[in-house]
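Colleague: Quick one: the structure is below, questions incoming.
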Amino acid sequence: MPEADPFPTSPVLLGGDNRSGTTLLSVVLDSHPDLVIGPEIDFLEPPNLGPHILRAIDLLDARDPKVTGTTKSTIDPFWYDGVHFAVQCRRFGLDFDDVRELVSKVMVEVANDIVSFADRCRLINEFGEFRKAHTGARRWGLKLQRKIAQVDSYARLWPRAHFVHIVRDGRDLAASHLKTVPDWGYRTAAEAARGWLEVVSRPHRVAPPDRYLELRYEDLVSRPRPTLTQILDHLGLPWNEAVLRHAEYQHALFDHPYGHPAAESAGKPLHSGRLGRHAEDLTRAQIAEFERIAGSELARLGYLSAPTSTVEA
């Protein structure tokens, strides 16, 4: 199968493991007048993305009981991906009619149901360009979330994109999962360590170095001005004080949170109150297990003075 033509656009694609500060970073950057940055949109499922979304939106508009629940357990499993996609689009500032129009447009252009990876990315590109045009921003952006692990695939389709990967001390991330989101997060320290490694160990090795920036959540919240200056320099954008006052501005996510687990905390001013939380929230055994599995990457990122073990095979 021939490779898809690359997109001429220049998005800002953010990534990181869940509970790493990706939502906070997206909202902070969305405060810059030259940027419109949205939260994540999960676009790799289902197989027939286009028709599924269109039908899911019709059901939502009709208030069909299959899709009107507020949690995953109260929505018909068959329609969950489409409903969740529509909700995520609202968080990015797209209403249902906007999504219908853009999905239908891409289906005609690609002459299929938006099946391939490239066609799915093309739909996301259309969403971003639509938001950029409607807000007057110079660039649009979106969270890739854990998909940043495949940064090289996205870099080939978007040769003018810039990638910003936010990482967090994996032990703090494990504590956040186990204590804050036990219903959907990692269930054990070992699971968290392996999942964290999947996201942090590969991108810095395969991303185009001139278009990839790795930063630490701890630096964002404790040294916001120099850290944000570094990000904006990476993106070729001028400094603007608005990024230090993100909580004072309107954001599509705040208007349509739809239960986003990080929307409320992302609306607060930058603070470093929960750094090092693993020392209180995890047991010594849990911390030792995480460090045994992921010690090398913790050391590379400056969270340990030296690796405590070799990464598991």
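The values are calculated or read from the model by the stated rules, or taken from the named source; none is laboratory data. Everything numeric in this text was worked out from a predicted model, so none of it was measured. Note: ideal-geometry Cβ built from the backbone for every residue, glycine included; neighbour counts use all protein chains shown. Surface areas here come from the heavy atoms of the whole protein model, side chains and all, with no ligands, DNA or RNA. Shrake-Rupley method; radii C 1.70, N 1.55, O 1.52, S 1.80 Å.
Colleague: Given (1) touching a residue at least 24 places away in the same chain (Cβ under 8 Å); (2) open to solvent by 10 Å² or more (accessible area, probe 1.4 Å); (3) not aromatic (F, W, Y), where does G50 come up short, assuming only one miss?
Modeller: (2)
Colleague: Which of (1) of a type in the set (K, R); (2) out of contact with any Asp or Glu (no Cβ under 9 Å at 6 or more places or on another chain); (3) within 30 Å of G276 (Cβ to Cβ); (4) touching a residue at least 12 places away in the same chain (Cβ under 8 Å) is the odd one out, the single condition R187 does not satisfy?
Modeller: (4)
Colleague: Something else: Just need a number here: residues in the stretch 62-76 that are assigned to a helix (DSSP H, G or I) and open to solvent by less than 90 Å² (accessible area, probe 1.4 Å).
Modeller: So the first thing to find is which residues in the stretch 62-76 are assigned to a helix (DSSP H, G or I), and the list is 72-74.
Filter once more, keeping what is open to solvent by less than 90 Å² (accessible area, probe 1.4 Å): 74.
Adding up the residues that qualify gives 1.
Colleague: Here is a follow-up. Quick check on the stretch 1-47: of everything there that is charged (D, E, K, R) and open to solvent by 20 Å² or more (accessible area, probe 1.4 Å), which residue is nearest to the chain's Cα centre (by Cα)?
Modeller: Going residue by residue through the stretch 1-47, those that are charged (D, E, K, R) are 3, 5, 17, 19, 30, 34, 40, 42, 45.
From what is left, the residues that are open to solvent by 20 Å² or more (accessible area, probe 1.4 Å) are 3, 5, 19, 30, 34, 40, 42, 45.
Numbers: E3: 25, D5: 24, R19: 10, D30: 13, D34: 19, E40: 5, D42: 9, E45: 16 Å.
This residue is E40.
Colleague: Picking from K179, K143, which residue would you name as being crowded, with 19+ Cβ neighbours inside 10 Å, basic (K, R) and out of contact with any Cys (no Cβ under 8 Å at 6 or more places or on another chain)?
Modeller: None of the other options fit; the residue is K143.
Colleague: Taking the stretch 126-170 as the search range and keeping residues that are in a strand (DSSP E or B) and either of a type in the set (S, T, N, Q) or in contact with a Pro (Cβ under 6 Å, 6 or more places away or on another chain) (or both), which one is farthest from L228 (Cα to Cα)? Explain how you work it out, then say what you get.
Modeller: Taking the stretch 126-170 and keeping what is in a strand (DSSP E or B), we get 139-145, 162-167.
Checking the rest, the ones that are also either of a type in the set (S, T, N, Q) or in contact with a Pro (Cβ under 6 Å, 6 or more places away or on another chain) (or both) come to 140-141, 143, 145, 165.
Details: W140: 17, G141: 16, K143: 17, Q145: 19, H165: 13 Å.
My answer is Q145.
Colleague: Are there any helices (runs of 4 or more DSSP H) wholly within the stretch 222-276 with 1 or more residues that are open to solvent by less than 20 Å² (accessible area, probe 1.4 Å), modelled with pLDDT of 90 or more and in contact with a Leu (Cβ under 7 Å, 6 or more places away or on another chain), and if so which? Reasoning before the result, please.
Modeller: Numbers: elements: 224-235, 252-255, 263-266.
Correct list: 224-235.
Colleague: Taking A247, is it among the hydrophobic types (A, V, I, L, M, F, W, C) and more than 12 Å from D30 (Cβ to Cβ)?
Modeller: Details: among the hydrophobic types (A, V, I, L, M, F, W, C): yes; more than 12 Å from D30 (Cβ to Cβ): no.
Taking the combined requirement at face value, the residue does not satisfy it.
Colleague: Take V99 and tell me if it is outside any loop (DSSP other than H, G, I, E, B) and open to solvent by 50 Å² or more (accessible area, probe 1.4 Å). Reasoning before the result, please.
Modeller: Working: outside any loop (DSSP other than H, G, I, E, B): yes; open to solvent by 50 Å² or more (accessible area, probe 1.4 Å): no.
No; evaluated as a whole, the condition is false for this residue.
Colleague: Another question, then. Which condition number in (1) assigned to a loop (DSSP other than H, G, I, E, B); (2) within 25 Å of Y154 (Cα to Cα) is the one that R205 fails?
Modeller: Every condition holds for R205 apart from (1).
Colleague: Just the residues that are more than 20 Å from L301 (Cα to Cα) and of a type in the set (D, E, K, R), please, taken from the stretch 170-193.
Modeller: Passing the criteria: K179, D183, R187.
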